[in-house]
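What follows is one structure encoded as structure tokens, with my remarks underneath.
The values are calculated or read from the model by the stated rules, or taken from the named source; none is laboratory data. In this text, all values refer to a predicted model and were calculated from it rather than measured experimentally. A quick note on method: Cβ atoms are made from the backbone with ideal geometry, for glycine too, and the neighbour counts reach across all protein chains shown.
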Amino acid sequence: MRILFLDLDTLRPDHLGCYGYVRETSPNIDEIAQRGVRFGNYYCSNAPCMPARAALITGQFGIRSGIVGHGGTAADLRLDGRSRGFRSALERHSLWSFLRTGGFRTASVSPFPERHSAWWFNAGLNEWINPGRGGMESAEEVTPFALDWIERNARHDNWVLHVNYWDPHTPYRAPAEFGNPFAEEPIPEWMTQEILDEHRSLPGGHGAREVNMWDSDAPPQYPRHMGEVATMGDFRRMIDGYDCGIRYMDEHIGRLLNALAGCCVLDETAVIVTSDHGECLGELKCYGEHGTSDYVTHRVPMIVEWPGCPAGHVDHGLHYNLDLGPTLAELMGRAPRAEWQGASYAGTLTSGADHGREYLVLEQACHGAMRSVRFGPWVYIRVIHDFYHLYPREMLFNVEDDPHEQHNLADDRTDIRDRAARLMLDWHDDMMTQLPDAVDPLWTVMREGGPLHSRGQLPRYCERLVATGRGGHVEALKARHPEEFRAGDGR
């Protein structure tokens, strides 16, 4: 058996044609969806990049694996401690190790392990091919490595090729010569100049006036990317930049599919299309980033073309990215690893059966620190660190009616809010009983000074707020984050 695993960084499903997007961003991905099964409610358990892939590869929630952040103790896997033998436990339960011990040759074309010093990602790989730019690659820098591997190996049996593209990630980087096929296309209708003006008056990392997280610097080498969003023209430029990245990447995916066809193995190759996380494009007042724990950041595409799958089937059940390992195990007639915390949805791929969960608990601790619960039409968000957006402690959105999360219903629907809080508490209790040391890594992040991308930024950011006419928010930020303000100010 052959598997092509397309890991497409920062890809929102609602910007793909097969998920209903009005722009033609993804013709090749859409064709895979026509031949396979598309999942409409698929989520990374932990966001963004490193915690998401840690969950995928280890098969564990971040609270169990230890990786929930981008820095500090919670950016490393938990130590096995006294139970460690000659090899660590990861050697057994890594997704790649599972596939390799099942007879697959495993290979990856990805800069991810080097970008985050996430060397655990390579556990179980026969080959790791590093394009070498730490996640700043454009597709034309990744595709030649993948095509070369396909040419050398495609005709053999039993392989998995993981290919990691980064083009939708900031800074938006499609080459200038690619042009803009969406220049005359409509932009999302929910955004208006009035909403944008309100966002520009507010504080917070990756806001409309600080797309570069804490300032409005714009990288001159990436002209599609801007430092701030002031007008609807700027918003269009952001949407176009993001969508051009998707379309450019999609064209390169077409080259991989053509190469497999040229080797006469495309029809015998299973294809998995997914992402690590989504991208806020104005939602929760964040622009061009993935720093929240919400419907937009956690929802990812999952499209699986598998032998015998019901072509064109759409599944609406709730699933985690860490459910992939158990699913592959069942499809291959093997037992899942005991360390995995996911649940198989193999029946969805073989017969279209519903294997969705009742609810999901999602987590972010890299920019802000938040946990959320996704269930029914709802996403409930509990804010521990607000990424300096002054979010309320609890937020509740009906994402079927309000997919861009504009109307917080936490005070209006206290029944739903309280139910979600109970689900989160029950999940947390269950997770904590399984930990070897009863330490929640999200709170490790907070004890070590807060999320990495916010740590030490508050005093300087308050100065910027004053300089840009938003000084009225400074006292509220100082009151909410007194220790961070004093620590960053050197007092």
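So the values come out like this:
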item	result
Residue list for the stretch 92-112, restricted to those being of a type in the set (A, V, I, L, M, F, W, C) and more than 25 Å from the chain's Cα centre (by Cα)	Phe104
Meets criteria (polar (S, T, N, Q), farther than 25 Å from Gln341 by Cβ and touching a residue at least 60 places away in the same chain (Cβ under 8 Å)) for Ser110	no
Residues (over 29 Å from Pro459 (Cα atoms) and surrounded by 16 or more Cβ atoms within 10 Å (Cβ to Cβ)) located in the stretch 378-404	Trp378, Val379, Tyr380, Leu396, Phe397, Asn398, Val399, Asp402, Pro403, His404
Test set (1) crowded, with 16+ Cβ neighbours inside 10 Å; (2) in contact (Cβ under 8 Å) with a residue 40 or more places away in the chain - Leu435 fails condition number	(1)
Residues satisfying the stated conditions in the stretch 249-273, i.e. assigned to a strand (DSSP E or B) and touching a Leu at 6+ places or on another chain (Cβ under 6 Å)	Thr269, Val271, Val273
Single residue of the stretch 209-237 satisfying the filter (of a type in the set (A, V, I, L, M) and free of Cβ contacts under 8 Å to residues at least 60 places away in the same chain) that is farthest from Tyr21 (Cα to Cα)	Ala218
Qualifying residue in the stretch 224-244 (condition: assigned by TED's automatic domain parsing to the domain that holds Ser138, over 17 Å from Ala183 (Cα atoms), outside any helix (DSSP H, G or I) and of a type in the set (A, V, I, L, M))	yes
Subset tally (residues that are within 13 Å of Leu328 (Cα to Cα), of a type outside the set (Lys, Arg), assigned to a helix (DSSP H, G or I) and touching a strand residue (DSSP E or B) at 6+ places or on another chain (Cβ under 9 Å)) for the stretch 98-134	1
Hits in the stretch 342-366 (condition: farther than 13 Å from Glu330 by Cα, surrounded by fewer than 22 Cβ atoms within 10 Å (Cβ to Cβ) and among the polar types (S, T, N, Q))	Ser351
Test for Asp429: is it of a type in the set (D, E, K, R), on the phi < 0 side of the Ramachandran plot and part of a helix (DSSP H, G or I)	yes
Of residues in the stretch 157-213 being assigned to a loop (DSSP other than H, G, I, E, B) and of a type in the set (Asp, Glu), the one surrounded by the most Cβ atoms within 10 Å (Cβ to Cβ)	Asp167
Selection from the stretch 355-410 of residues that are in a strand (DSSP E or B) and of a type outside the set (A, V, I, L, M, F, W, C)	Arg357, Glu363, Gln364, Arg371, Ser372, Arg374, Tyr380, Arg382, His385, Glu394, Asn398
Residue count for the stretch 274-301, restricted to those that are in contact with a Leu (Cβ under 8 Å, 6 or more places away or on another chain), in a strand (DSSP E or B) and either among the charged types (D, E, K, R) or under 20 Å from His319 (Cβ atoms) (or both)	3
Any hit, the stretch 476-490, residues being within 22 Å of the chain's Cα centre (by Cα), outside the structural domain of Ala75 (by TED's automatic domain parsing) and of a type outside the set (Gly, Ala, Ser)	no
Residue ID - surrounded by the most Cβ atoms within 10 Å (Cβ to Cβ), chosen from residues in the stretch 119-156 that are within 21 Å of the chain's Cα centre (by Cα) and of a type in the set (D, E, K, R)	Glu137
Inter-residue pairs, beta-carbon under 6 Å, first within 19 Å of His206 (Cα to Cα) and in the stretch 365-385, second assigned to a loop (DSSP other than H, G, I, E, B) and among the β-branched types (Val, Ile, Thr), 6+ apart	Ala365/Val68
